[in-house]
Structures are given as structure tokens and as C-alpha cells.
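Mind looking over this structure? Questions follow.
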Amino acid sequence: MKQLHTFDEVFDSQKTFRAILDAMANPGRRESAAEAAGKLYGGNPAMLAVAMTLLDNSVRFCCLGDSALAEQIHLLTHAPAAEAGEADYLFVADPAQIPEAVAAAKCGTLENPHLSATLVIADNGEGEAEAVLYGPGIAGRMRCPLSETAVGALRLRDARHDEYPEGIDLIFLSPDGSFFSIPRLVKREEA
């Protein structure tokens, strides 16, 4: 029997999960899932590595912009697919789908803010913009270079005006497997 993937569901998932936690705790700081992504095949191995780390059959996902990726995620994680407004995780492979994903993403409730969605967005890093980030995990205010994709997604997220502690978490994933996150409580101001 030929093995397609060499991703270890225990050790590689643990390592990737640790990187995701570090990125969430340190908004704007780049982490990497490149090693785990290198053990997976398909059109978007970095997204598969994140999916295999975060998903199982108890959470729902939606994949916008790439039906082949959605099929791979389901086959590898057994997570059920859902409509964007019902998904716990939204994978946005095509940046043109960001407005739809941000608008549809669930933000939790005041009693249960943890029922919000996390968006994993493909970010090619094109265009250089700068934002000032502040909030949990940031001492004071931090100037952060971001891509146009990230700044656009943050503008859309901010336009939702989710009430604290509701909101959506964002993970921006580059093709090389590097990523950074902007958790729901981190705010942005124009640089």
C-alpha cells in the first residue's frame, strides 16, 4: 500500500498546534507550519496541515474558493462540511471570497463567545501595508507590516462591529507555510 501523506497525526499536529497557540498569543508574529505542510500533498498543503491540526468530527468547516481542498479536508479530518454561517472554521483559499466569509462567519454570543468562527485565509503577501495593532498579547501599540489581503480582511472584520467579547479570529497563511494571526480582541488602527 502506497502512503500519500507522511503527516503524523499526533506529533505533527502537536507541533503545529503549538505554533498556532504562539501566533494567537503574539498577534502579528510569524510562525510556521512549513515542516508539517511538507508532509502533505495536494494543492494547498499548508491549509491541510492547519486543518488536520484543528479539525475533527466534532467541529464543522466550510471551504470557500476551492472544492478540491474541501474534499481533502473532509477525507483527512472527517469533519463535516457546513454552510459558512454554521461553520466553526472557514478556509478561504481564494482571497476574492474574504468578504463573503467575513460577513457570514458566526461571532458567538455574549454568553458563549467561544462559539465564534476562526477564518484561515490564504495570503500571498502581495502589497505592503502597515497597521497599528493593540489589545491582548501586545504591549501598548505595535506597528505591524501586513499584506493588502490582511488589511482588507481586518477592515471587513472591524466593519462588523461585533460586541465584546464576540468576534472572529483570523489566521493568515502564506503558501510557504508561514502564518500569523489576529485574534478577535486585537484591534487595528490605520498606521
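The values are calculated or read from the model by the stated rules, or taken from the named source; none is laboratory data. A quick note: this is a predicted structure, and the numbers were derived from the prediction, not measured. Please note: Cβ atoms are built from the backbone with ideal geometry, for glycine as well, and neighbour counts cover all protein chains shown. We work out accessible area using only protein heavy atoms, side chains counted, and drop any ligands, DNA or RNA first. Shrake-Rupley method; radii C 1.70, N 1.55, O 1.52, S 1.80 Å.
May I ask you to list the residues in the stretch 140-178 that are touching a helix residue (DSSP H, G or I) at 6+ places or on another chain (Cβ under 9 Å) and of a type in the set (Val, Ile, Thr)?
Across the stretch 140-178, the qualifying residues are Thr149, Ile168, Ile171.
Let me ask you something else. Taking the residues in the stretch 81-97 that are open to solvent by 20 Å² or more (accessible area, probe 1.4 Å) and in a strand (DSSP E or B) as candidates, determine which candidate is farthest from Gly108 (Cα to Cα).
In this case the residue turns out to be Ala81.
Counting only residues that are in a helix (DSSP H, G or I) and charged (D, E, K, R), how many does the stretch 98-116 have?
So the count comes out to 1.
Further question: How about the stretch 148-183: which of its residues are in contact with a Cys (Cβ under 6 Å, 6 or more places away or on another chain) and either open to solvent by 30 Å² or more (accessible area, probe 1.4 Å) or among the aromatic types (Phe, Trp, Tyr) (or both)?
Asp162, Glu166, listed by residue number.
Still on this model: Would you tally the residues in the stretch 41-80 being open to solvent by 20 Å² or more (accessible area, probe 1.4 Å), among the hydrophobic types (A, V, I, L, M, F, W, C) and either closer than 15 Å to Asp8 by Cα or assigned to a loop (DSSP other than H, G, I, E, B) (or both)?
Within the stretch 41-80, residues that are open to solvent by 20 Å² or more (accessible area, probe 1.4 Å), among the hydrophobic types (A, V, I, L, M, F, W, C) and either closer than 15 Å to Asp8 by Cα or assigned to a loop (DSSP other than H, G, I, E, B) (or both) number 4.
If you scan the stretch 1-21, which residues turn out to be open to solvent by 40 Å² or more (accessible area, probe 1.4 Å) and part of a helix (DSSP H, G or I)?
Within the stretch 1-21, Phe11, Gln14, Lys15, Phe17, Arg18, Leu21 qualify.
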